[in-house]
Ligand code: ADP
Ligand code: ZN
């Protein structure tokens, strides 16, 4: 940053004057200090943890240009727009710019007129990119989404490996690699490939404001509709589906029920994708129905729910996708419908993939961890954090904590199930699918039973005490634990596995998890910052008195008009949390406005008069 004599000169001053935040969070201060000292660092923070400030503030305080490498070119524009609203001299260079604009940005960089420059990796590594940087004084390199360097990871980008050369060319310039995807092997890979050495700053991965819920999938789409209707009317959310077809059908279904739902997947025309993304970012209350192609690096802070209609293939994926909810720290929900089909489908995808055996084993292990999380009867957050090597205690803000399922010893039932599968195969020399096996267990006569004479089996009718739904639940748990195999290539017939024997011999106990139907998530925790309310904008509203709520609504209307005028997303003007604080505190002077978190000097000067007018109720929000 140019040494204007009134410009803030310590990290705290920058934070307070430019961003308007009262204090640093977690490790932010330590990382900033470290980079200001010219050293390299790896920063691991969950989504919404505040990674950006870790490099933005040192870039402003060190002499020269902060270079930010990010693969998310679609989002650079908004990131840069948000910085400019704060009065920071930022720009980006990527393939979306026309030649003329790109030249202007390059000239600004050369003349030292920029504090931060966002670049796509291939742009930076090109001849012209490198020669541009040779001509600039560089304050630091920030490599965002650093897990893209991991060859095992799901976001692998070959260009990322070449970023190692930054050290050779600019040995004096500190580098910081940042990511929210953080199992231990990935961490090592990032350090090894990008930094060689460098201190690791690992934050807690907990996202306490996110409520985790997994529901038994019956009719997933109907359940989704009910979930959004009953708990998230008018809220912004993301719904993830595995296939493009499902994406389109679900978006249509939700839209047919009057919701502002839009599809997003790689098969849509790029113009339509861009338009849907724009609407999602700019407007309030859009529900984006998408494949996982959508959302990487989306930093929209007020996403109130993330719903999964299909199970992700790893905990990393689940954590990353659900992490897009509630970046603003207000209550948000991660909801997933999960059933046997998810297990079968994901296993089959691994089987059919052309990857080598080592990769398949790794994928299977990752899937099994995800299944264990979905099947868990205890605190989901504890399990999630344990996966990232973090110890914790039951959270009080997940379905299992709020409404603990009843656990029944189902070892005997499991033995009945497995031996029925065994006997049917013995008797008929062929294998059968779940429906038939359950009919035998429950003693339900029918054409197929008669044809195979399975009513003569000793296990016929020994399971009449359990409902069909219970048997399916048990079956799913056995499949998830590899105690039973579903052959998806052959009509979903069931096979015993080597491990089945442990259950049959009584060496392994099985528990059936049962929840009263319809109680999922209905009971609420009492009290607690994130626990007491239903999530959503309604939660924001409930925290306000009716007069405050009316002001909050006026502020939102003003924000929508202002965002449109500035050509930026609504949250770039101010996030909900800031509007909420203004509605409650009702500051009456520009000075008092400065005490509100999220109101920095530039925004106070630009928006202060309008805000004060709205607070006094003299100005209509559309003015
Ligand atoms: P991520 O780690 O996902 O990149 P961001 O850097 O986008 O997170 O930060 C998430 C949100 O938290 C942003 O709206 C940001 O302005 C806000 N934020 C970051 N640090 C602070 C802080 N110290 N005080 C208040 N808000 C903060
Ligand atoms: Zn919990």
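Does residue 595 meet the test of being modelled with pLDDT under 90, farther than 30 Å from residue 395 by Cβ and within 16 Å of ligand 1 (Cβ to nearest atom)?
Yes.
Return the only residue of 207, 211 being touching a strand residue (DSSP E or B) at 6+ places or on another chain (Cβ under 9 Å) and modelled with pLDDT of 95 or more.
None of the other options fit; the residue is 211.
Among the candidates 350, 408, which residue alone is part of a strand (DSSP E or B) and away from ligand 2 (no atom under 16 Å from the Cβ)?
One residue alone meets the criteria, 408.
Look at the range 293-312 and say how many of its residues are surrounded by fewer than 22 Cβ atoms within 10 Å (Cβ to Cβ) and more than 14 Å from ligand 1 (Cβ to nearest atom).
Qualifying residue count for the region: 1.
Given (1) within 16 Å of ligand 1 (Cβ to nearest atom); (2) in a helix (DSSP H, G or I), identify the lone condition not met by residue 361.
All conditions pass for residue 361, except number (1).
Among the listed residues 35, 61, 44, identify the single one that is farther than 24 Å from residue 567 by Cβ, touching a helix residue (DSSP H, G or I) at 6+ places or on another chain (Cβ under 8 Å), surrounded by fewer than 24 Cβ atoms within 10 Å (Cβ to Cβ) and in contact (Cβ under 8 Å) with a residue 40 or more places away in the chain.
61
Check every one of the helices (runs of 4 or more DSSP H) wholly within the range 120-178 and list those with 1 or more residues that are out of contact with any strand residue (DSSP E or B) (no Cβ under 8 Å at 6 or more places or on another chain) and surrounded by fewer than 16 Cβ atoms within 10 Å (Cβ to Cβ).
Correct list: 127-134, 158-162, 165-169.
Kindly state which helices (runs of 4 or more DSSP H) lie completely within the range 437-521 and contain at least 3 residues that are closer than 21 Å to residue 374 by Cβ and at pLDDT 90 or above.
468-480
Is there any pair linking a residue in the range 290-318 that is closer than 20 Å to residue 363 by Cβ and assigned to a loop (DSSP other than H, G, I, E, B) to one that is modelled with pLDDT of 90 or more and within 16 Å of ligand 2 (Cβ to nearest atom), with Cβ under 7 Å and at least six apart or on different chains, and which?
Listed pairs, sorted by first residue: 311/336; 311/374; 312/318.
Looking at 395, 379, which is the one that is within 20 Å of the chain's Cα centre (by Cα), over 20 Å from residue 310 (Cβ atoms), away from ligand 1 (no atom under 16 Å from the Cβ) and free of Cβ contacts under 8 Å to residues at least 60 places away in the same chain?
379
Give me the residue from the range 85-101 that is out of contact with any helix residue (DSSP H, G or I) (no Cβ under 9 Å at 6 or more places or on another chain) and in a helix (DSSP H, G or I) and, out of that set, surrounded by the most Cβ atoms within 10 Å (Cβ to Cβ).
The qualifying residue surrounded by the most Cβ atoms within 10 Å (Cβ to Cβ) is 101.
Only one residue in 65, 35, 61 is over 21 Å from residue 146 (Cβ atoms), more than 9 Å from ligand 1 (Cβ to nearest atom) and modelled with pLDDT of 95 or more, so which one is that?
61
Conditions tested, residue by residue: (1) within 20 Å of the chain's Cα centre (by Cα); (2) surrounded by fewer than 21 Cβ atoms within 10 Å (Cβ to Cβ); (3) within 26 Å of residue 45 (Cα to Cα).
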site	(1), (2), (3)
199	no, yes, yes
227	yes, no, no
243	yes, yes, no
248	no, yes, no
252	no, yes, no
279	yes, yes, no
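Pick out the one residue from 191, 184 that is surrounded by fewer than 22 Cβ atoms within 10 Å (Cβ to Cβ), more than 24 Å from residue 284 (Cα to Cα), modelled with pLDDT under 95 and under 21 Å from the mean Cα position of the chain (by Cα).
Answer to the selection: 184.
The values are calculated or read from the model by the stated rules, or taken from the named source; none is laboratory data. Bear in mind the structure is a predicted one, so any value in this text is a computation, not a measurement. A quick note on method: Cβ atoms are made from the backbone with ideal geometry, for glycine too, and the neighbour counts reach across all protein chains shown.
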